[in-house]
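The values are calculated or read from the model by the stated rules, or taken from the named source; none is laboratory data. Just so it is clear, the structure is predicted and the values come from calculations on it, not from any experiment. Please note: Cβ atoms are built from the backbone with ideal geometry, for glycine as well, and neighbour counts cover all protein chains shown. For accessibility, only protein heavy atoms count, side chains too; no ligands or nucleic acids. Shrake-Rupley method; radii C 1.70, N 1.55, O 1.52, S 1.80 Å.
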Amino acid sequence: MSRLRVLVLARDSDPKDVSIPFVTYSHAAALARLHDVALVIGTPVEENVRSAKADFHSIEVVRMPTLERIWAWCFKNIFKFNYDTQVLTAFRYPFSLAFEWYAWRQLRRRIFSSEFSTVISMSC
């Protein structure tokens with residue numbers, strides 16, 4: 001079987017976190033052992049992902065400084081760092097859409113040029 005060129009969108013993928021961010025990272029890293037994976041991540045997890053040194057073909061970082069500051073402020077002041085609330089899941093959705101929009105704008109030429117065989121979104 002030939003290696004696929006896979007673009008994986010995984011904003012919060014983090015090898016040093018727990019739960020979904022770690023599982024997302026683990027799935028992307030396992031996929032990278034079989035195929036050429038370009039991992040697309042958000043700025044907050046860049047250092048952890050790069051230091052893990054998985055076999056990714058490339059790591060693309062989508063920078064959204066204003067939205068990241070809004071997220072951090074809301075998480076601190078509105079949610080009081082409470083990961084357990086169900087409202088956080090709904091609140092996260094527009095930020096995931098924004099991440100995919102920014103990723104699209106950053107990578108659309110490469111996508112249209114058929115650089116990737118497939119695109120997978122693992123944004124949580």
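Among all residue pairs at least 6 apart or on different chains, which show Cβ distances below 7 Å where the first residue, located in the stretch 37-52, is over 18 Å from LEU107 (Cβ atoms) and the second is surrounded by fewer than 21 Cβ atoms within 10 Å (Cβ to Cβ) and at pLDDT 95 or above?
ARG50/ILE59
Restricting the search to the stretch 1-36, which residues are of a type outside the set (A, V, I, L, M), in contact (Cβ under 8 Å) with a residue 60 or more places away in the chain, outside any helix (DSSP H, G or I) and in contact with a helix residue (DSSP H, G or I) (Cβ under 8 Å, 6 or more places away or on another chain)?
ARG11, ASP12, SER13, listed by residue number.
Report whether or not SER113 is surrounded by 10 or more Cβ atoms within 10 Å (Cβ to Cβ) and either at pLDDT below 95 or more than 13 Å from the chain's Cα centre (by Cα) (or both). I'd like the intermediate steps shown before the answer.
Numbers: surrounded by 10 or more Cβ atoms within 10 Å (Cβ to Cβ): no; either at pLDDT below 95 or more than 13 Å from the chain's Cα centre (by Cα) (or both): yes.
No.
Are any residues in the stretch 83-124 in contact (Cβ under 8 Å) with a residue 12 or more places away in the chain and outside any helix (DSSP H, G or I), and if so, which ones?
Within the stretch 83-124, GLU115, PHE116, SER117, THR118, VAL119, ILE120, SER121, MET122, SER123, CYS124 qualify.
Would you be able to tell me the number of residues in the stretch 48-59 that are among the charged types (D, E, K, R) and either modelled with pLDDT of 95 or more or assigned to a helix (DSSP H, G or I) (or both)?
Pass one, the stretch 48-59, residues among the charged types (D, E, K, R): 50, 53, 55.
Within this subset, residues satisfying the condition of being either modelled with pLDDT of 95 or more or assigned to a helix (DSSP H, G or I) (or both) are 50.
Looking only at that region, the number is 1.
Can you say whether ILE59 is among the β-branched types (Val, Ile, Thr) and touching a residue at least 12 places away in the same chain (Cβ under 8 Å), as far as the supplied structure shows?
Numbers: among the β-branched types (Val, Ile, Thr): yes; touching a residue at least 12 places away in the same chain (Cβ under 8 Å): yes.
Criteria met by ILE59.
Can you tell which of VAL37, VAL87, VAL45 is surrounded by 12 or more Cβ atoms within 10 Å (Cβ to Cβ), among the β-branched types (Val, Ile, Thr), at pLDDT below 95 and on the phi < 0 side of the Ramachandran plot? Write out each step before concluding.
Details: VAL37 fails: at pLDDT below 95; VAL87 fails: surrounded by 12 or more Cβ atoms within 10 Å (Cβ to Cβ).
The unique qualifying residue is VAL45.
Which of the residues spanning the stretch 95-110 are open to solvent by 60 Å² or more (accessible area, probe 1.4 Å) and hydrophobic (A, V, I, L, M, F, W, C)? Break it down stepwise before answering.
Filtering the stretch 95-110 down to residues open to solvent by 60 Å² or more (accessible area, probe 1.4 Å) leaves 97, 100-102, 104-106, 108-110.
Scanning the stretch 95-110 gives LEU97, TRP101, TRP104.
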